[in-house]
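Take a look at the structure set out below.
We did not get these values from a lab; they are worked out from the coordinates using the rules stated. Just so it is clear, the model here is predicted, and its values are computed rather than measured. Because the Cβ atoms are built from the backbone with ideal geometry, glycine has one as well, and the counts that use them run over all protein chains shown.
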Amino acid sequence: MTQLRSIVCSIIGHVDHGKSQIVETITGLSIVEREAGRITQCINAINVPFSLIEEIIGNYKHKIKIPGLLIIDTPGHASFTNLRKRGGSLADIAVLVIDVNEGVKPQTVECIEILKHNKTPFVIAANKIDLIHGFNYKNKSLLETINSQPENIRNEIDKKIYSVVGKLAGYGFDSERFDRVDDYTKKIAIIPTSAKLKLGIPELLLVLTGLAQRFMEIKLIIDVNKPAKGVVLEIKEEKGFGKTIDAIIYDGKIRINDEIIIAGLEKPITTRVRNLLEQSIKNKKLVVVDEVEAACTVKIIPKDAEEIFAGMPFEVADKNSEERIKKEIQKEVEEVLIGTDDEGVIIKADSLGSLEALTSLLRENKIPIKKASLGNINKSDIAEASAEEDPLYKTILAFNVKSVESNSVKIINHDVIYKIIEDYKQWKDNEVKKAEQEKLKNIIRPGKILVLPGTVFRQSNPAIAGIEVLAGSITADCPLMDENGRALTRIKSIQVEGKNVQKVEQGKQAAVSLPGITIGRQVFENSALLTDIPEEDFRKIKEMKNYLNPSEIQLLKEISIIKRRKDPLWGV
């Protein structure tokens, strides 16, 4: 029997922009208060029947066929990438929540990128409009409330919304305030909201149901008598039940005592459904049910829940379909877990979808991956990363997992996927720079000094005088020449405020000891001297001039001009 299923709708966005408050306003469930620090710590999936939506939106002139919404409130500290199924996103549509006063933030960008990558339709809730200075709540509909504001407040609302429009344009999305959208297939609708005041929530639901009704009806048709297909959202420890699986069923039906096959890291896991629990919107409690139909969220009490990870696909099976399902779902996992590069970084993540998103992003940035896996970082990962020959690949990049200490391996572990890439690139650049600087360590670098007048402490044997570094730097034991290219001496030692130092840089003064010369004969007060760079050192410096500052580059040119007066091919 075929019928329309509920719309799977993800509520996503930057931390503390009001996602959970919007879900609370729609469902009446107190999500925010029960979360530590008032920030969503886990994924909440809630079945919302259309009867409840109808209460919120009031009289709706069009007939609604869709049975309801399956609302998924995802954490601000993690992506919603484990909400996936083969071929794309599990979500039919998403609501991207943006605090209209803060605008687009790092995790907002992450969400936009993933929506774009998965080609998931979405609308925007421009939340917290009540916090715009001078905003006056009129207890009317959204547009009536906005239109009743003074002109300066209306202008401020538009200014903030069009700031979001501009940001979205940078990612290739054309957007507009919902009441000004002429074609919902071409423009992203922005609905101003105040979840706290319940303002704009009816309009948000109207846009969501309207879009689903008009453009997604065929996609929502399922056969409810088919064996269920689903995705593991979370593994939780529940008092009295032990380990439980929070799951989304997106196709078919699941019953108590059904056998389910869940994809595993190395091989499929087969278990049996001991119990099914569903959260009741009416009494806010989990209730035992015999069966559930797609699309819905359900808590599965399995016979065994070891080695099951978030994001893993599963299917209800029988003896005739068991081998086919095992092969298909494991292939889906292996497409993400398999490492194809001979050398590269190791990556770990808390869920299959997160791992897929991290893998995709690394590929886009041309960062090779030797191994991709799920779960916390362990000693085996450290040993494997340590064995890499290239020091830049002695690295573990991890998303939202527990880590261990390591002196031999660089570990970058974040709860924002894009931050992992940024930090790795920055670390890699610094490591390359350090390696190049190490190569420059024993090379004579460009430097120019001035012998300061009135600071000759000894004329010879060795000559000691005060100097100022005009450009570049000088080091103890570096050779010096005059402005005609004549070799003069080596700096025997350098003192700054009575203490011996190895190096003095531009703008600093010091006393230098110069053997083999007499001040007043080869060198004079107010003389400019330059480091006498050997030709081989000059060639090496040219190859690594990215690590020289502008004054050193200019000085290098000056030294080469002096040297080429005698030898036109010097340093070429």
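Quick one: dipole size for the chain, taken about the Cα centre, charges +1 on Lys/Arg Cβ and -1 on Asp/Glu Cβ, in debye to the nearest 20.
Charge dipole, the chain, about its Cα centre: 860 debye, nearest 20.
Among 164-172, 100-108, 548-556, the peptide with the highest mean count of other Cβ atoms within 10 Å heads the list, and the full ranking is 100-108, 548-556, 164-172. Taken about its Cα centre, the stretch 231-343 carries a charge dipole of roughly 880 debye when the Cβ of each Lys and Arg holds +1 and the Cβ of each Asp and Glu holds -1.
Simple rule: put +1 on each Lys or Arg Cβ and -1 on each Asp or Glu Cβ in the chain, find the dipole, and look at Ala45, Val451, Asn155; the Cα lying farthest toward the positive end is Val451.
Pairs of alpha carbons in the chain separated by more than 48 Å make up 36% of all such pairs. Across all directions, the shadow cast by the convex hull of the stretch 158-275 built on its C-alpha atoms averages 12.3 square nanometres.
Using +1 at the C-beta of Lys and Arg and -1 at the C-beta of Asp and Glu, which of His133, Thr209, Ala511 has the Cα lying farthest in the positive direction of the dipole of the chain? Toward the positive end, the furthest listed residue is Ala511. Using the average count of surrounding beta-carbon atoms within 10 Å as a protection proxy, the listed peptides 323-333, 354-364 rank, highest first, as 354-364, 323-333. Most simply put, the chain has about 65% antiparallel DSSP beta bridges, counting only bridges with both residues inside it.
Scan the chain and note any complete DSSP helix (H) whose C-alpha atoms cover at least 15 Å along its axis and whose Kyte-Doolittle average is -0.5 or more. Those that clear 15 Å and a mean of -0.5 are 106-118, 151-169, 201-215, 352-364, 550-563. Across the chain, Cα pairs under 8 Å and at least six residues apart give a relative contact order of 10 percent.
Taking Cα centre as origin and charging only the Cβ of basic (Lys, Arg, +1) and acidic (Asp, Glu, -1) residues, the dipole magnitude of the stretch 182-271 rounds to 160 debye. Packing here is the average count of other Cβ atoms within 10 Å per residue, and on that basis the peptides 287-295, 441-449, highest first, run 441-449, 287-295.
Short-range pairs are left out: with C-alpha atoms under 8 Å and at least six residues apart, the relative contact order of the stretch 168-321 is 22 percent. Dipole orientation for the chain: of the candidates Leu362, Gly485, Ile190, Gly485 has the Cα lying most toward the positive pole (charges on Cβ; Lys, Arg +1; Asp, Glu -1).
List, in the order given, every pair from Lys116/Lys428; Lys448/Lys557; Lys226/Lys303; Lys243/Lys299; Lys19/Lys285 whose Cα-Cα distance in the structure shown is over 20 Å.
As for pairs spanning more than 20 Å Cα to Cα, those are Lys116/Lys428; Lys226/Lys303; Lys19/Lys285.
Measuring against 25 Å, Cα to Cα, the residue pairs Lys138/Lys196; Lys394/Lys545; Lys138/Lys159; Lys159/Lys198 contain Lys394/Lys545 as the ones spanning a longer distance.
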